[in-house]
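To keep things clear, I will list the structure first and then write my remarks on it.
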Amino acid sequence: MEYILIFISAIFVNNIVLSQFLGICPFLGVSKKVETAMGMSAAVAFVLTIATIVTFLIQKFVLDAFGLAYLQTITFILVIAALVQMVEIILKKYLRHYIRL
C-alpha cells in the first residue's frame, strides 16, 4: 500500500513539471509541430544542465567563498538569462537553414 501512495504522490503531488512548470515551454509554446517541440525541449534541457553546473561553481567558489550568499537568487537569474541568450544566438547562427527562430 505504501508503494502505491508513493507512486501517486510522485505523479500528482511532487511532480516538478506540474508544481513548478519547469520545462513546460516546449509543450505549450510549440506543440503544434513535434520536431520543433523536440528541439525546444532539447534546448531547455541543455540550458538547465549547463545552468546547474555554472551556478554550482559560482555558488561554491564565489558566493560562499566571499560571504555573498544573499546574492544567490539574482546571480542565478542572470546566469540563466545569459545562457538562454547564448543558446539562442548559437542556434540562430549555426542552425539557420534547419529551423526558423
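The values are calculated or read from the model by the stated rules, or taken from the named source; none is laboratory data. Remember, it's a predicted structure, so these values are computed and weren't measured experimentally. Positions of Cβ are generated from backbone atoms using ideal geometry, with glycine treated the same way; all protein chains shown enter the neighbour counts. The area values use the complete protein model at the heavy-atom level, side chains included, leaving out ligands, DNA and RNA. Shrake-Rupley method; radii C 1.70, N 1.55, O 1.52, S 1.80 Å.
Data table
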item	result
Meets criteria (surrounded by 11 or more Cβ atoms within 10 Å (Cβ to Cβ), at pLDDT below 90, assigned to a helix (DSSP H, G or I) and among the small types (Gly, Ala, Ser)) for Gly23	no
Checking Val44 against (1) open to solvent by 100 Å² or more (accessible area, probe 1.4 Å); (2) assigned to a helix (DSSP H, G or I), the condition it does not meet	(1)
Restricting region 50-83 to residues that are hydroxyl-bearing (Ser, Thr, Tyr) and open to solvent by less than 80 Å² (accessible area, probe 1.4 Å), the residue that is farthest from Leu95 (Cα to Cα)	Thr75
